[in-house]
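As structure tokens, the structure follows; a few thoughts come after it.
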Amino acid sequence: MFPILLGMLPGIAVGASVLALLQPGWVKIATYTVILPLILVQAAGWRRPIQSTWLIGLPFGTALGVLYSVTTISGPPLAILFNNQGLVKNEFRAGLALVRVTESSVTAIVYYQLGLFIAESQSILLVFIPSVLVGVPLGAYLIRRLDAETFRRTCMSFDAWVVGFGLSRVLIELNLMESPWAYSALAVTILIDTYLLYIFFTIQRPASKRSQALSAPLADNPRPKRAA
């Protein structure tokens, strides 16, 4: 996480500085268009773990900082990276929490210095706080009953649906498509992800369980060495 956090700091500063010069809608549509196929590829089970964490972490953190400070989007790119690296459930949650706390805190400070907070922001905050106080313990309780692979796959589905919805909304916002036709992007995303979920729970997941069941006896009862 350290390379990502280190690269994020200048990224947030740059993104917040040019916020007034950029159209967030076009940044969002470019981001959604790039990461949606990556999420679906990850959901299909394709992974290529990266060994050089510093070589990737620094530029990834910088790009993430710019993206978050301009659009407040960071969850889907982080989920893609963590899923690709094969982080288990607790590592996934801890890494995501660490990055989120850092990026939101630093961005809030920069926004405050730039005078971007308005009265409406405070009223929204009062609505969010009770929801967070209820949602975080509930989510932590439910996640304990998911295994690592199912957790990663669930995260990919959640991000795919969120990005599909976001893409549909930004198409309407930029007047590129009219409602309800713009929601065809969300509908196609749901159809593809539903098919991938079917494959995961009917083919990939049972095959993984059988493989673990076969490897467990071998690990518990190693082959005895032959006498010389």
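The values are calculated or read from the model by the stated rules, or taken from the named source; none is laboratory data. All values derive from a computational prediction rather than experimental measurement. Neighbour counts are summed over all protein chains in view; Cβ atoms, including those assigned to glycine, are modelled from backbone coordinates with ideal geometry. The accessibility values were calculated without ligands, DNA or RNA, using every heavy atom of the protein model including side chains. Shrake-Rupley method; radii C 1.70, N 1.55, O 1.52, S 1.80 Å.
Across the accessible surface of the chain, with the other protein chains kept in place and a 1.4 Å probe, carbon and sulfur atoms take up 70 percent. If the elastic network links every pair of Cα atoms under 10 Å, which of I118, I190, I80 fluctuates the most in the Gaussian network model of the chain? Residue with maximal mean-square fluctuation among I118, I190, I80: I118.
Heavy atoms of the protein chains alone define the surface here; on that basis the chain has 62 Å² accessible area per residue at 1.4 Å probe size.
Helix 184-199 and the longest principal axis of the Cα set of the chain meet at an angle near 10°.
Using Cα atoms only, what is the angle between the long axis of helix 205-220 and the major principal axis of the chain, expressed in degrees (0 to 90) to the nearest 10? Roughly 50 degrees between the two axes.
What net charge do the residues around I35 carry, taking every other residue with its C-beta under 11 Å from that of I35, with Lys and Arg at +1 and Asp and Glu at -1? Combined, the nearby Lys, Arg, Asp and Glu give 0. A run of the chain free of exposed loop cleavage sites, with trypsin sites (Lys or Arg not before Pro) counted only in DSSP states other than H, G, I, E and B and at most 16 other beta carbons within 10 Å, reaches its longest extent at 48-143.
For the chain, leaving out every one of the chymotrypsin sites (Phe, Trp or Tyr not before Pro) that falls in a DSSP loop and has at most 12 other Cβ atoms within 10 Å, the longest unbroken run is 118-228. Between the labelled values (i) 12.3; (ii) 13.4; (iii) 16.9, the entry that holds mean projected area of the Cα convex hull in nm² as derived from this structure is (iii). If you plug the beta carbon distance of L176 and I50 into 1/(1 + (r/R0)^6) with R0 = 30 Å, you get a FRET efficiency near 0.30. The simple Förster model, with R0 at 35 Å and r as the Cβ-Cβ distance, assigns S17 and V188 a FRET efficiency of 0.45.
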